[in-house]
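The structure under discussion appears below in the form of structure tokens.
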Amino acid sequence: MERAQDPAGRGGPGKIEVLWCLGILLAAACLLHAEVIFGGHVYHMDDAADGYYPGHIAVARAFAKGELPTWEPGSWCGWPLIVDPYNGVFYPLNVVYYVLGPARGLGFSVVLHVVLGGLGMWWFLRRRRLGMEAALFGALGFALSSFFVVRIRHVIFIQMMAWLPWILVGVEGWLAERRRRALVLVAGATGLALVAGALSIGHFAALAVAAYTVARSIDAAAEASGAGGAGRRALADLVRLGGAALVGVLVAGAQLVPTVAHLPYSPRSLGSDYTFASSYAWPSLRYLVTLVAPDFFGGEFRGRYVGAPNHWELCGWYVGALMVALAPFALWAGKWAGHGEASSGEARGVRRRGLVLPVLAGLVLLAVGLALGDAGPVHPLFFRFVPLYAALRCPARALLMAVLVLPILGAHGAAALAEWLPRRAGMRRGVGAVVGGLCLLIGGGVAWWLWPRRGERLPVELADLALMQLALMAGALAASLALARTGWLGGRGLLVVWMVLLGGDLLATGRRYAQPQPADYPAGMERFGAVEWLRAHADGARFVNDPRGPFRLHNVGMVLGLENASGYDSVGIWRYVDFLYLLKNGRPYPEKKLKHDFAGIGVWNLSSRLLDLMNVRWLIAESAPAQPGPGGGPRWVERFAPRPGDAAPAAKHEPIWNARLRVYENRSVLPRAFVVYRAEVPGASPGLGRGDDDRLAARLLAADFDPGRVALLEEPLPAPWRLPAPETGEVPPPYTAAQVVERGRHEMVLEVMAEAPGLLVASEIFYPGWSVTVDGEEAPIVRTDWAFRGVPLGPGHHRVVFRYRSRPTEIGLGLSVLGLMALLGLWHGSRRTTPR
């Protein structure tokens with residue numbers, strides 16, 4: 001097959017070609033997600049429902065009020081929502097959530113990025129001088145891969161992945177043309193990939209892009225300069241491309257700086273224990289089969305998965321068995337030119353192999369080695385020697401490098417075979433037809449033999465279904481090779497056949513993984529009768545959900561504008577997460593490094609007096625805790641119970657929970673803020689010593705500790721505000737309630753009459769960025785009762801104003817402005833061609 005002579009020319013691929021590619025990708029994406037695009041359905045499952053959906057609603061609510069979501073009161077007793085990159089606060093394409101709504105917008109965002117990523121991969125492969133059909137073959141393998149479906153629950157992964165081919169397009173453009181517009185593309189795509197928020201896979205993405213860039217720069221320098229000046233030229237190219245990438249990092253500063261600044265205050269600050277960091281990894285090389293038969297261990301689309309947990313982490317990396325089969329031929333194709341893309345008419349005699357294709361093949365092997373986690377030798381080395389790697393988990397995510405690289409290798413391998421086979425056609429056509437038909441019969445016969453028989457066990461059935469699909473693909477591939485070898489199929493025809501086979505295979509697989517739900521599904525999974533009652537009666541007080549109930553209630557406060565003491569997020573405030581661990585286990589977290597996932601720890605001890613301190617007035621649960629309150633009466637009083645036969649129309653998708661959940665009121669709840677007149681520093685040495693966390697925890701949980709009369713501090717207050725500790729046998733005076741005058745996202749105004757020198761205790765989380773003024777004068781905030789705020793006050797009437805200001809967000813926005821200015825500067829200079 002004759003390849004296009006110069007698709008990497010200054011105009012890039014022609015407009016007609018682009019339209020054809022765009023149309024095919026759009027049609028495939030719409031077919032894959034037809035219920036969402038045309039039927040009004042939504043995607044709402046797992047983290048997409050429990051984490052990102054509430055986060056996007058909270059972000060939209062803040063923007064609607066003209067505020068940045070730097071602080072969110074809906075979960076965790078308040079937390080800095082903006083620091084979680086998964087919410088993509090500054091990612092411009094997330095506007096789809098605000099136009100269509102967070103639930104419906106998710107499906108359209110997926111389709112947008114499937115098309116965007118596929119178009120980028122096609123453009124990149126055309127830049128590498130592959131023909132239109134071969135490039136489209138690679139683009140379909142990338143965009144329709146199971147990664148782009150199973151990760152709907154983690155859409156930020158899809159968003160980042162979609163921009164990686166565009167970075168490579170910019171790299172190829174610079175090395176081919178030396179024009180600044182290519183650097184603009186590298187910078188812009190890098191910035192968008194980072195600001196999308198999937199930083200937990202960023203190191204794998206960066207490794208793949210960097211490996212390609214280095215290898216390709218060396219090849220390009222050697223081709224242009226020979227051995228003599230190749231090193232200097234390659235270094236100069238890498239400096240320019242690295243500078244463009246740094247501009248992209250600056251563009252993403254608005255997200256990166258708040259996230260990085262928060263890390264010392266998050267659970268990530270502990271680092272990960274080796275066992276924890278090794279979780280979600282392939283347990284053995286047997287899982288290699290999932291690269292060609294992803295449902296060999298079952299699939300969640302059937303409700304049964306018998307492999308190691310879980311399917312989308314371990315088996316969601318399928319780019320097509322056909323793509324995997326053709327990828328090794330890319331190394332054989334590399335003999336044609338320095339990086340495997342010269343046309344048959346232009347460099348046929350060149351036998352120099354470049355670095356790019358072998359390096360890409362090495363990346364696939366590295367991805368497999370890392371995916372094995374503790375079962376292989378690579379992950380332990382990375383954990384020990386690679387910076388930041390040890391702070392993360394899920395080694396199987398390294399396979400995203402294979403999702404990016406295998407379509408590139410497969411497209412090169414397909415192009416090489418499609419060029420070579422028709423030129424070697426020497427067999428008779430009749431023989432080719434017989435052999436091709438026989439291959440189809442064998443593949444179909446194996447598939448028929450594997451077809452599940454009635455009465456067989458489900459795990460066997462699922463494995464057979466996976467192998468059946470693989471057998472059909474193997475038979476079709478063998479038949480197409482036989483037909484091409486005997487002249488029935490030309491090079492372009494062979495590639496078209498392979499595109500159809502690959503597209504059909506990936507669409508069939510992806511359709512099994514997609515989980516479209518009716519448009520009312522989000523409300524129908526959380527708007528229970530108890531929740532609806534609470535919306536009408538909460539009156540600004542906090543609630544908490546029993547963790548044994550529906551998990552999605554952890555973040556329902558962010559969805560409905562309520563305030564919850566629970567939450568679900570992996571980058572919460574560690575001191576508060578540790579407080580919840582303390583409530584549950586009776587001690588602070590004992591490990592030096594993370595061994596557990598605390599993203600959704602919840603409030604388990606619903607009888608604790610500390611819930612009063614947290615201003616938890618309401619409880620959504622099936623039954624009330626048994627512990628009595630002050631004075632011997634019940635602490636929790638039932639306020640709402642569903643009546644027999646009642647149904648909340650909005651909660652129709654989980655009627656069982658709707659009939660079981662009740663609302664209870666805490667009769668001993670403390671005010672949102674109040675003044676106490678005694679303070680202790682448990683475990684402090686005489687004088688001005690600092691307390692000990694273990695002793696502070698023990699005192700906090702002691703039966704005689706009353707948070708309404710005594711505040712527990714980590715160190716004594718400064719001399720002007722020092723409070724007495726309670727004497728032995730003394731009953732400290734009761735608290736004085738503060739009145740909440742104003743309450744906003746970033747501000748809370750209180751008025752209080754202190755009867756004596758005291759400490760204002762607010763059931764708000766202690767966190768950098770909060771400041772306070774007392775009667776207009778700045779005052780200190782001290783961490784009180786483990787995780788909350790305290791403000792020392794003198795006697796008399798006071799007006800206390802808490803304000804939150806996120807300086808990391810301000811710095812990040814400033815860096816983003818600088819990055820955008822640099823990007824504009826590059827764009828302005830892109831009209832000139834930099835001398836070669």
Checklist entry - So if R0 is 41 Å, what FRET efficiency would Tyr98 and Glu622 give, r being the distance between their Cβ atoms, rounded to the nearest 0.05? => result 0.70
Checklist entry - What is the magnitude of the charge dipole of segment 221-316 about its Cα centre, with +1 placed on the Cβ of each Lys and Arg, -1 on the Cβ of each Asp and Glu, and no other charges, expressed in debye to the nearest 20? => result 120
Checklist entry - If you roll a 1.4 Å probe over segment 727-770 with all protein chains in place, what percent of the accessible area is carbon or sulfur? => result 53
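Mind ordering 390-401, 163-174, 809-820 by average Cβ neighbours within 10 Å, highest first?
Packing order, densest peptide first, comes out as 163-174, 390-401, 809-820.
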Item to check | Reference-scaled alpha-carbon Rg (2.2 N^0.38 Å with N residues) for segment 52-210 | outcome: 1.13
Next on the checklist: Among 717-726, 540-549, 126-135, 245-254, how do they line up by average Cβ neighbours within 10 Å per residue, starting with the highest?
Outcome noted: 126-135, 245-254, 540-549, 717-726
Checklist entry - For the charge dipole of the chain, defined by +1 on Lys and Arg C-beta atoms and -1 on Asp and Glu C-beta atoms about the Cα centroid, which residue among Gly299, Val681, Trp574 has the Cα displaced farthest towards the positive pole? => result Gly299
Item to check | Amide H within-cut-off set for Gly131, under 5 Å, with H built and near neighbours excluded | outcome: Ala4
Checklist entry - How much mean residue ellipticity at 222 nm does the chain get from its helices, if each DSSP H run of length 4 or more adds -39500 (n - 2.57) and you divide by all residues, to the nearest 500 deg cm²/dmol? => result -15000 deg cm²/dmol
Item to check | Rg/Rh (Cα only; Kirkwood hydrodynamic radius) as it applies to segment 558-637 | outcome: 0.99
Checklist outcome for this item: Toy charge model, Lys and Arg Cβ at +1, Asp and Glu Cβ at -1: segment 701-751 dipole around Cα centroid in debye, rounded to 20, equals 160
Checklist entry - Among Leu185, Pro516, Ala281, whose Cα sits farthest toward the positive end of the charge dipole of the chain (+1 at Cβ of Lys/Arg, -1 at Cβ of Asp/Glu, about the Cα centre)? => result Leu185
Checklist outcome for this item: When all Cα-Cα pair distances of segment 196-269 are considered, the percent exceeding 19 Å is 50
Next on the checklist: At 1.4 Å probe radius, can you tell me the per residue accessible area of the chain in Å²?
Outcome noted: 39
Checklist outcome for this item: At 20 °C and 1.002 mPa s, the Stokes-Einstein diffusion coefficient in µm²/s for segment 34-132, with hydrodynamic radius from the Kirkwood sum on alpha carbon pairs, is 141
Next on the checklist: Among Asn564, Ala215, Pro550, which residue has its Cα furthest toward the positive end of the charge dipole of the chain, with +1 on Lys/Arg Cβ and -1 on Asp/Glu Cβ?
Outcome noted: Ala215
Next on the checklist: Quick check for me: using +1 on Lys/Arg Cβ and -1 on Asp/Glu Cβ, what's the dipole size of the chain about its Cα centre, in debye to the nearest 20?
Outcome noted: 3300
Checklist entry - Principal axis lengths of segment 177-323 from Cα atoms, whole Å, largest first? => result 57, 45, 28
Item to check | Backbone N under 18 Å from the Arg805 label point (7 Å along Cα→Cβ), restricted to segment 244-261 | outcome: 258
Checklist entry - What is the distance in Å between the Cα centres of segment 796-816 and segment 730-758? => result 21
Checklist entry - Considering only the other residues whose Cβ falls under 14 Å of the Cβ of Arg699, what net charge follows from Lys and Arg at +1 and Asp and Glu at -1? => result -3
Checklist entry - Considering only the chain, what is the antiparallel percent among its DSSP beta bridges, to the nearest 5? => result 85
Checklist outcome for this item: Simple spin-label estimate for Val500/Leu818, 7 Å along Cα→Cβ, in nm, reads 5.6
Item to check | Neighbour net charge for Pro795 - beta-carbon separation under 13 angstrom, K R +1, D E -1 | outcome: -2
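May I ask you to order 18-30, 570-582 by the average number of other C-beta atoms within 10 Å around their residues, highest value first?
Ranked by mean Cβ neighbours within 10 Å, highest first: 570-582, 18-30.
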Checklist outcome for this item: Taking the square root of 5λ for each eigenvalue of the C-alpha gyration tensor of the chain, the equivalent ellipsoid has semi-axes, largest first and in whole angstrom, of 57, 31, 22
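The values are calculated or read from the model by the stated rules, or taken from the named source; none is laboratory data. What you are looking at is a predicted structure, and each value in this text was computed from that prediction instead of being measured. Ideal geometry is used to build each Cβ from the backbone, glycine not excepted, and the neighbour counts take in all protein chains shown. Surface areas here come from the heavy atoms of the whole protein model, side chains and all, with no ligands, DNA or RNA. Shrake-Rupley method; radii C 1.70, N 1.55, O 1.52, S 1.80 Å.
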